[in-house]
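So the structure is just underneath, and the comments pick up after that.
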Amino acid sequence: MEREQLADFLRRRREAIRPAEVGIADGPRRRTTGLRREEVAMLAGMSVDYVVRLEQGRSSQPSPQLLGALARALRLSDDERGHLFHLAGHAPPPADGTARLARAGLIRMLDLLGDTPALVLSDLGEVLAQNRTSVLMAGDLTRFTGDRRYMAYRWFTEPAAREVGLPQERERQARQLVADLRATAGRRSGDPAVAGLIDRLRAASEDFRRLWAEHEVAVRRADRKTLVHPRVGPLTMDCETLLTPDQGQLLLVLTPADAGTRERLELLRVLGTEEFPASGTTDTTAR
């Protein structure tokens, strides 16, 4: 861990970001063009004291999880993110499509979308980043670890993951998840991360085995689904998917499909950030 260089790098990256880039109002009394330490702490989900100690070169070694949060908060590019990990004494996350951080450009698009729910996902269905409205609607989907990171795994192994949607939509959504995973497996043939996930799903779920055997293939780019939210009721959303050129990550944007949903989504934003029930923090926005 190179504390002095890490401190200098974090300080300079913080000072280089304009508040508007991360959705923070740039008020007339602001004395700096960059972000304040407390704003970085808020965006990264860590204490202000720890951010201060990092910038002063007197912190303990940050974990890869904390570094990932800082990289997202500071909108680091892939090269900058790798440099951050090296300075902190860690190897950068492997570029295997399953453990990567959301790309800086996609994070900026999340910010620009504002009140429109949006997420960044890997091609295996791991949520890498969400904007605030998406969290209000679906809960924090970035918090899972292990195989639970993947939407398909939760869908086929946890009943609660399926209960947040309408019963009549579940078979269609299950087929879409499997067909999309089949397309990823074909594109990344021989990748042990993909093959391992499929093997574990086949071992864990009879329903997955049934659908996998049908060999349906489809990359989903548009869909409509209904989430029954416990606080505001049904939300029928149109889902549009924008893929990166290598199809390794995607931006999922959800827009209200009718006037009633639009009103309920506005109500949800007014109600604020009360925690989404644990049974609902899965797959409400599965591709």
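Bear in mind that the values in this text are calculations on the coordinates, not laboratory data. This structure is a prediction, so every number in the text was calculated from the model and none was measured. Note that we place each Cβ from the backbone using ideal geometry, even for glycine, and neighbour counts take in every protein chain shown.
Across the stretch 115-122, rounded Karplus estimates of 3J(HN,Hα) from the backbone phi angles (6.51 cos²θ - 1.76 cosθ + 1.60, θ = phi - 60°) give 7, 8, x, 7, 9, 10, 10, 7 Hz, Gly and Pro being marked x.
Between the C-alpha center of the stretch 54-69 and that of the stretch 142-165 there is a gap of 29 Å.
For the stretch 1-140, the gyration tensor built on C-alpha atoms gives an oblate shape. Its axis ratio a/c (a ≥ b ≥ c) is at least 1.5, and a/b is not larger than b/c. Counted by neighbouring Cβ atoms within 10 Å, the residues SER60, SER122, SER134 run from fewest to most as SER60, SER122, SER134. Shape class of the chain from the Cα gyration tensor (axes a ≥ b ≥ c, square roots of the eigenvalues): oblate, since a/c reaches 1.5 or more and a/b does not exceed b/c.
Going from the fewest other Cβ atoms within 10 Å to the most, the residues HIS90, HIS83, HIS229 appear in the order HIS90, HIS83, HIS229. Springs between Cα atoms under 10 Å define the GNM used for the chain, and in it the highest mean-square fluctuation of GLY248, GLY260, GLY165 occurs at GLY260.
Each residue of the stretch 59-66 was assigned a 3J(HN,Hα) from its phi angle through the Karplus expression (A = 6.51, B = -1.76, C = 1.60, θ = phi - 60°), giving 8, 6, 5, x, 6, x, 5, 5 Hz with x at Gly and Pro.
Label sites at ASP238 and ASP79, each approximated as a point 7 angstrom past Cα along Cα to Cβ, lie 3.9 nm apart. Of all the options THR157, THR226, THR145, the one that moves most in a Gaussian network model of the chain with Cα springs shorter than 10 angstrom is THR145. Distance from the alpha carbon centroid of the stretch 31-47 to that of the stretch 75-92 works out to 19 angstrom. The calculated 222 nm mean residue ellipticity attributable to helices in the chain amounts to -13500 deg cm²/dmol, summing -39500 (n - 2.57) over DSSP H runs of n ≥ 4 and dividing by all residues. If R0 is 22 Å, the Cβ-Cβ spacing of LEU112 and ASP140 corresponds to a FRET efficiency of close to 0.55.
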